[in-house]
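The values are calculated or read from the model by the stated rules, or taken from the named source; none is laboratory data. Please read all numbers here as calculations on a predicted model, not as lab measurements. All Cβ positions, even for glycine, are placed from backbone atoms using ideal geometry, and neighbour counts span all protein chains on display.
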Amino acid sequence: MNKDDCIFCKIVKKEIPASIVFEDEELLAFKDINPIDKVHLLIIPKEHIENLFSCEKKHKELLSKMLLLAPKLAKENGLEGFRVMINSGEKGGQEVFHIHFHVYGGSEKIAKI
Ligand code: AMP
Ligand code: ZN
């Protein structure tokens, strides 16, 4: 998918609405439109990176920032436990080709997808 038709780039540019829960100069986090658990957030970099296959050493800090944001947002959203999922590639279940970390939890038994 081209960066210009990327739905998550459009959310970054505020061209389409999202329930944003966190934003800084590099990252954005918002509620998944189709949640699979009581809390289901997506953490994305503002830079368009397709998925983990496209990540290089230069993305090391960005990726760790994304990962470290997960427990902070989980706590702020009342979670005592959570799961992080990163689908990479069509055969990895990826539907939106702008890298995102799913952060979800809240039900008695954690959902699996
Ligand atoms: P994946 O299958 O890992 O690519 O996940 C894509 C996720 O993006 C799905 O869980 C969708 O529900 C979510 N999603 C798609 N469009 C939007 C949107 N406009 N706002 C929030 N979440 C979205
Ligand atoms: Zn994008």
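Quick look at the numbers
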| read-out | value |
| --- | --- |
| Which listed residue is of a type in the set (D, E), at negative phi and crowded, with 16+ Cβ neighbours inside 10 Å, from E50, E56 | E50 |
| Every residue from segment 77-113 that is surrounded by fewer than 18 Cβ atoms within 10 Å (Cβ to Cβ), of a type outside the set (K, R) and not in a loop (DSSP other than H, G, I, E, B) | V84, M85, E90, G92 |
| Residue tally, condition closer than 18 Å to E90 by Cβ, away from ligand 2 (no atom under 12 Å from the Cβ) and in a helix (DSSP H, G or I), over segment 1-59 | 2 |
| Residue identified as touching a helix residue (DSSP H, G or I) at 6+ places or on another chain (Cβ under 8 Å), modelled with pLDDT of 95 or more and on the phi > 0 side of the Ramachandran plot among G89, G93, G78 | G89 |
| Matching residues in segment 1-44 - criterion: being in contact (Cβ under 8 Å) with a residue 24 or more places away in the chain, surrounded by fewer than 18 Cβ atoms within 10 Å (Cβ to Cβ) and either among the hydroxyl-bearing types (S, T, Y) or within 8 Å of ligand 1 (Cβ to nearest atom) (or both) | I7, D32, P35, I36 |
| Filtered residues of segment 45-103 (kept if near ligand 1 (Cβ under 9 Å from one of its atoms) and charged (D, E, K, R)) | E95 |
